[in-house]
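Student: Have a look at this one.
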Amino acid sequence: LSQPGQGVAFMEALGQARCQELNQAPSVVYIDGHISVYSGQAKIGQVYAPNHKSVVKGTTQTWVNLPGPHPVFCVSSEFNEGLSAALPGVVEKIQQVLGVEHLTLAFDRGGQNGGVFERLIQQGHHIITYRRGASADWPLEGFEKVRTPVGQRVYEYAPAEQPYQMPVYAEQPAATGQRGAPRRQDTGRRVHLREIRVVRPQQGQTSVLASSPDLVAQGNVLDLHQVGEE
């Protein structure tokens, strides 16, 4: 592993060693996408960096972590591949490295995609992510007014939940001679999820989507802020 070109093998071996230190096989992984800006002279692809609000030379990095301070590995790509597009390949890599067949995948809004969710759930995985896009707040009457700890925070209202159906779209390539992003066509299929919300102490509500029917929506079981709200 000390020889040149063995960085990936070393990272995977380190991830396997961390998994072996756990008392049980890992079942929850946190996946987070980042943009690494490159300032050297080598030829490299371009990506859109939100922090710079522009297209820059750089790579897309997808980090995989176990709960707590346990990073596993990182997958880099020169292409501006969004988290939703990277998820299927990253999940396969996680299964290979960790030797786990079914996982609960926690990630931020960038991974939201009905078609990807549909495939992952059919493969036996579960997802936890923040709901993407603006939505109206639920009436406070739907929440139980009782101080409830969630992770390291205490909320005046206990979490509430409702069923949520996410549409599955099929991408239609642009017509010959036309430019721009592919068009999306609603397939009519829906991914059945749970939408779980907390009322923030300041204002507004935080909405999380989950596919697991066994996930408890209160107490310390669902720590909304470990997924990476920011």
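The values are calculated or read from the model by the stated rules, or taken from the named source; none is laboratory data. Just so we're clear, the structure is a prediction, and the values are computed from it rather than from any experiment. Virtual Cβ from ideal backbone geometry, glycine too; neighbours counted across all protein chains shown. Heavy atoms of the whole protein, side chains included, go into the accessibility calculation; ligands, DNA and RNA do not. Shrake-Rupley method; radii C 1.70, N 1.55, O 1.52, S 1.80 Å.
Student: When the residues of the range 56-69 are filtered to those that are touching a residue at least 24 places away in the same chain (Cβ under 8 Å) and open to solvent by less than 50 Å² (accessible area, probe 1.4 Å), which remaining residue is farthest from Gln46 (Cα to Cα)?
Tutor: Among those that are touching a residue at least 24 places away in the same chain (Cβ under 8 Å) and open to solvent by less than 50 Å² (accessible area, probe 1.4 Å), it is Leu66.
Student: Also: Does the range 71-91 contain at least one residue that is surrounded by fewer than 17 Cβ atoms within 10 Å (Cβ to Cβ), of a type outside the set (Val, Ile, Thr) and farther than 30 Å from Lys43 by Cα?
Tutor: Scanning the range 71-91 turns up no residue that is surrounded by fewer than 17 Cβ atoms within 10 Å (Cβ to Cβ), of a type outside the set (Val, Ile, Thr) and farther than 30 Å from Lys43 by Cα.
Student: Which condition from (1) outside any loop (DSSP other than H, G, I, E, B); (2) under 23 Å from Pro213 (Cα atoms) is the one that Val154 breaks?
Tutor: (2)
Student: In addition: Can you name every residue in the range 116-149 that is surrounded by 18 or more Cβ atoms within 10 Å (Cβ to Cβ), within 26 Å of Ser84 (Cβ to Cβ) and in contact with a strand residue (DSSP E or B) (Cβ under 8 Å, 6 or more places away or on another chain)?
Tutor: Passing the criteria: Phe117, Leu120, His125, His126, Ile127, Ile128, Thr129, Tyr130, Arg131.
Student: Related question: Identify the single condition in (1) modelled with pLDDT under 75; (2) open to solvent by 80 Å² or more (accessible area, probe 1.4 Å) that Gln41 does not satisfy, given that it satisfies every other one.
Tutor: (1) is the only condition that Gln41 fails.
Student: Might you check whether a residue that is closer than 22 Å to Ser36 by Cα and of a type in the set (A, V, I, L, M, F, W, C) occurs anywhere in the range 118-140?
Tutor: No - not one qualifying residue is present in the range 118-140.
Student: Now, a different point. What single numbered condition from (1) open to solvent by less than 10 Å² (accessible area, probe 1.4 Å); (2) touching a helix residue (DSSP H, G or I) at 6+ places or on another chain (Cβ under 7 Å) fails to hold for Ile94?
Tutor: Result: Ile94 fails condition (2) only.
Student: Return the residues of the range 14-31 that are over 17 Å from His125 (Cβ atoms), open to solvent by 70 Å² or more (accessible area, probe 1.4 Å) and at pLDDT below 80; say none if nothing qualifies.
Tutor: Matches in the range 14-31: Gln20, Glu21, Asn23, Gln24.
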